[in-house]
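I'd like to ask some things about the structure below.
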Amino acid sequence: MKKNALLWAAFGWLAIWPACDGGQNAEKVCEPGTEVFCRPCPGNPNEPGTRTCNADGSGFDECVSRTGQCPVCTPGDVMACTCDDGTESQRECNSSGTDYEACQCAGTGGSGGGTGGAGGGTGGTTGKALFEACIQDDECESQNCPMGYCTQECAKIQDCPFGASECVSFKTITICMPTCKDQSDCDVYGAPSECGYTHAVDEFPVTTCADWVNDLALPPDGSECVDDIDCNLGHEGQERVCSFQSCTTGCYEDKDCPIAQNCSSMGALGKCE
């Protein structure tokens, strides 16, 4: 009982402390200059990055890759491409992983564009590139439009454009799904496409756009985060927030709660009631 009383007393003091110091620390969320780990490259969770607490301690700066830029492919990987004369060939990811080399075309065929990669060209053939919005299969160069975007089947993570997508099994298909940080990244594909938490075929946790519907999942308790959107993925009302750089069940505001429920927060982590 004494221990509980002391804890409640401590929480009570913390609750009124900002008012006692004139509110100077009310908006301070981090210590200026403090660095925290982050993932700067969507779809490439292995690329490390750093966020630095700004000068007034009101928040963290943008996530910056420790290598200076986000890789777009794995050095040595190859992708299909089409030469100017219509022949099929391939091009290889350069040694730094920043882009693919020119299409390897013989004679005067010229250098064609790639047939894969997010936002890439169509390589001289008709049809939309991977991850462009679509309605039906024949709109896509890959002839595959199962969820509002052009994609292709995959068996391993290396089968999908590095950094822009993940190989994910969902119901009866295993395809390259575009990665997302929050719901706004999936809105271009239209309903019911949503940004959801899942695992790639190598069991690594990822967030991708798909028609999850009743299978939509959010990052579980304990997942690393910097702000609430890392936990709710832009889906408000899910009672998912970031607390002490870890996703957890709870709320800070009424918008964190389902409709018709209110948040019990009094400045600290609360629950929806």
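Pairs please, first residue from segment 83-102 and closer than 16 Å to Gln158 by Cα, second anywhere and at pLDDT below 80 and aromatic (Phe, Trp, Tyr), Cβ atoms under 9 Å, 6+ apart in sequence or on different chains.
Pairs that qualify, where the first residue is closer than 16 Å to Gln158 by Cα and the partner is at pLDDT below 80 and aromatic (Phe, Trp, Tyr), are Arg91/Tyr100; Glu92/Tyr100; Cys93/Tyr100; Asn94/Tyr100.
Can you name the residue in segment 222-247 that is in contact (Cβ under 8 Å) with a residue 24 or more places away in the chain and assigned to a strand (DSSP E or B) and is also farthest from the chain's Cα centre (by Cα) among such residues?
Out of the qualifying residues, it is Ser243.
So, one more: Of everything in segment 208-237, what is surrounded by 19 or more Cβ atoms within 10 Å (Cβ to Cβ) and among the polar types (S, T, N, Q)? Give them in sequence order.
Selection gives Thr208, Asn232.
List every residue pair whose Cβ atoms lie under 7 Å apart, where the two residues are 6 or more positions apart in sequence or sit on different chains, the first residue falls within segment 25-45 and is loosely packed, with under 12 Cβ neighbours inside 10 Å, and the second residue, located anywhere, is at pLDDT 75 or above and among the β-branched types (Val, Ile, Thr).
Between residues of segment 25-45 that are loosely packed, with under 12 Cβ neighbours inside 10 Å and residues that are at pLDDT 75 or above and among the β-branched types (Val, Ile, Thr), the close pairs are Gly33/Thr52.
Given the conditions (1) buried (at least 21 other Cβ atoms within 10 Å of the Cβ); (2) outside any loop (DSSP other than H, G, I, E, B), report the number of the one that Met147 does not fulfil.
Only one criterion in (1) buried (at least 21 other Cβ atoms within 10 Å of the Cβ); (2) outside any loop (DSSP other than H, G, I, E, B) is unmet by Met147, namely (2).
Then there's this: Report, by residue number, each residue of segment 154-172 that is at pLDDT below 95 and either of a type in the set (A, V, I, L, M) or closer than 20 Å to Gln136 by Cβ (or both).
Ala155, Ile157, Ala164, Phe170, Lys171, Thr172 - these are the residues of segment 154-172 that are at pLDDT below 95 and either of a type in the set (A, V, I, L, M) or closer than 20 Å to Gln136 by Cβ (or both).
Looking at (1) in contact with a Lys or Arg (Cβ under 9 Å, 6 or more places away or on another chain); (2) without any contact (Cβ under 8 Å) to a residue 40 or more places away in the chain; (3) buried (at least 16 other Cβ atoms within 10 Å of the Cβ), which one does Ser264 not meet, given that it meets all the others?
Only one criterion is unmet by Ser264, namely (3).
Then there is this: Which of the residues spanning segment 248-261 are part of a loop (DSSP other than H, G, I, E, B) and either exposed (fewer than 13 other Cβ atoms within 10 Å of the Cβ) or in contact with a His (Cβ under 9 Å, 6 or more places away or on another chain) (or both)?
Result: Pro258, Ile259, Ala260.
If you don't mind, another one. Please determine whether any residue of segment 89-105 is of a type in the set (Gly, Ala, Ser), farther than 30 Å from Cys195 by Cα and at pLDDT 80 or above.
Yes - at least one qualifying residue is present in segment 89-105.
Considering each of Glu153, Glu194 in turn, give the residue that is charged (D, E, K, R) and under 16 Å from the mean Cα position of the chain (by Cα).
One residue alone meets the criteria, Glu194.
Do we find that Gly250 is without any contact (Cβ under 8 Å) to a residue 60 or more places away in the chain and touching a Leu at 6+ places or on another chain (Cβ under 6 Å) in this structure?
Judged against the criteria, Gly250 is a match.
Quick check on segment 56-74: of everything there that is modelled with pLDDT under 75 and of a type outside the set (S, T, N, Q), which residue is surrounded by the most Cβ atoms within 10 Å (Cβ to Cβ)?
Cys73
The values are calculated or read from the model by the stated rules, or taken from the named source; none is laboratory data. Please read these numbers as outputs of a predicted model, since none were measured by experiment. Using ideal geometry, Cβ is built from the backbone for each residue, glycine included, and neighbour counts are taken over all protein chains shown.
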